[in-house]
Amino acid sequence: TIASLGTNSSDFGDLLYATREHSATASPTRVVWFGGLGNPNGTTQSDASTKNNTITFVEIATTGNAENFGTLPTKLNSATASSNGVRGFVMGGQTSPLSSSDIFTIIFATKGDATDFGDNVATSPGYLPHIGTVANKNTAIVAGGVTINVIQSFSMATTGQSADFGDLTVARYAPGGVSDSHGGL
């Protein structure tokens, strides 16, 4: 519980299967995870090396196990995600055999498959895994990658390609970030 101090955590629930290198974002009511490495039909930790296209979620207000939300158009891992509270976006990541330049979107209130939203316009799709993102209610900022310093932005209200926003001072691998939304968390 964010509103109270404490050093202990409690069990909230379980994911549908063992997974890693998935991306996540949230609305005020749901947390959604996209893709990753993990076998939806697997039963052991060693099954967590299969690239998948699942979308799973939990309701924030109630404890419980994750549920199926839908699927992505492609299998991916090491992507990044952001949200404007109404829609969730997943972008970049590793697909087979290259990296994805696609931006996919879901609507939090209705479960279903992700749809194509637009494209990242980094110098090469091969640089798009391990990018970082931040967002406010209007714009998502996407930065970094495997070995680049590119910063891109896209409007979360209209579909289309991202636009050049500037450059990081140096190339960043798997950057993180915070935004001015929701009290700066």
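Selection of the range 45-91 for residues being outside any strand (DSSP E or B), over 23 Å from Ile103 (Cβ atoms), open to solvent by 40 Å² or more (accessible area, probe 1.4 Å) and modelled with pLDDT of 85 or more yields Ile60, Ala61, Thr62, Thr63, Asn65. In the range 135-170, what residues are assigned to a loop (DSSP other than H, G, I, E, B), open to solvent by 40 Å² or more (accessible area, probe 1.4 Å) and modelled with pLDDT of 80 or more? Asn136, Lys137, Asn138, Asn149, Ala157, Thr158, Leu168, Thr169, Val170, listed by residue number.
The values are calculated or read from the model by the stated rules, or taken from the named source; none is laboratory data. Being a predicted model, the structure only gives us computed values, none of them experimental. Heads up, the Cβs are rebuilt from the backbone with ideal geometry, glycines too, and the neighbour counts pull from every protein chain shown. Quick note on the areas: whole protein, heavy atoms, side chains included, nothing else; ligands and nucleic acids left out. Shrake-Rupley method; radii C 1.70, N 1.55, O 1.52, S 1.80 Å.
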